[in-house]
Amino acid sequence: MRLFAALVPPDEILDEIEAAIAPHVGQVPGLRWPDRATWHITLAFFGEVPERVLPELEVRLARTAARHPAPALAFDHFGAFSSVRRARVFWAGLTGDPMTRLAESVRAGARRAGATETDEKRFHPHLTLARAKHDQDLTSLVESLAGFTGAPWRAERVRLVSSTPGARVRYASLGEWALAPPPRG
């Protein structure tokens, strides 16, 4: 099974993103816009994970989620990987509580559970909105969305997701675990 751990923003937050990008969907040749049902913020990609690892992975994710407070976040900019001028991925970026420690803990727990293909790229929280097979200059798209500021929200759960590649990638949720309550202050 190909697995990853993710945060899924609330529907009303995804509504804001969808409304912001709606005038651009289908307007940039070469960009593929995946279905909104697939939108998520990847915390860690585990690659192929043997089914026997799943029970221990679920235990580790539950422990990790319980130790990390639910981050306060907001989408407030758009960008692209690897750069705006040579883009293959168009995304919405976040500000708010740092999630690096949460992502690192999720990866470490997965490795201890037996998920040995865990991706070790530097964590850059984002919501992927479109992909291209070849480099695209997305400068005008990103500039047209400058000034967007979404409502604040709190990521409350970590989700374990199975990914089935193909002409149309399919995701299935295998479980969710609540993050700790935010500190009172």
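The table below gives the values:
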| item | result |
| --- | --- |
| Dipole magnitude of the chain, debye to nearest 20 (Cβ charges: Lys/Arg +1, Asp/Glu -1, about Cα centre) | 580 |
| Between segment 21-56 and segment 88-146, the Cα center-to-center distance that results, in Å | 10 |
| Residue-count net charge about Glu143 - beta-carbon cut-off 13 Å; Lys, Arg +1, Asp, Glu -1 | 0 |
| Angle in degrees between helix 11-21 and the longest Cα principal axis of the chain, rounded to the nearest 10 | 30 |
| Gaussian network model of the chain, Cα within-10 Å springs - most flexible of Val59, Val161, Val106 | Val59 |
| Nearest 10 degrees, 0 to 90: helix 100-113 Cα axis against the chain principal axis | 50 |
| Charge context of Ala87, other residues only, Cβ under 9 angstrom, K/R +1, D/E -1 | +1 |
| Contact order relative to length of segment 1-125, as percent, for alpha carbon pairs under 8 angstrom and 6 or more apart | 32 |
| Nitroxide proxy distance, nm - points 7 Å out along Cα→Cβ at Ala180 and Glu51 | 3.6 |
| Residues Glu143 and Thr164, FRET efficiency given R0 of 35 Å [Cβ-Cβ distance, rounded to 0.05] | 0.50 |
| DSSP-assigned coil residues among trypsin sites (Lys or Arg not before Pro) in segment 121-160, each with at most 16 further Cβ atoms within 10 Å | Lys121, Arg122 |
| Cα centre as origin, Lys/Arg/Asp/Glu Cβ charges: segment 123-185 dipole, Debye | 340 |
| Matching label, Kirkwood radius over Cα pairs in Å computed from the structure shown, candidates (i) 19.5; (ii) 16.3; (iii) 17.2 | (iii) |
| Residue among Glu12, Glu104, Glu156 with the largest mean-square fluctuation in a Gaussian network model of the chain, springs linking Cα atoms under 10 Å | Glu12 |
| For the chain, built as a Gaussian network whose Cα springs stay under 10 Å, the top-fluctuating residue of Gly150, Gly166, Gly79 | Gly166 |
| FRET efficiency, Arg63 to Trp33 (Cβ-Cβ, R0 41 Å, nearest 0.05) | 0.70 |
| Computed [θ] at 222 nm, deg cm²/dmol, the chain (DSSP H ≥ 4; -39,500 (n - 2.57); rounded to nearest 500) | -7500 deg cm²/dmol |
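Read-outs throughout are calculated quantities, based only on the coordinates presented, and are distinct from any laboratory measurement. All values derive from a computational prediction rather than experimental measurement. Cβ sites come from the backbone with ideal geometry, for glycine too, and all protein chains shown count toward neighbours.
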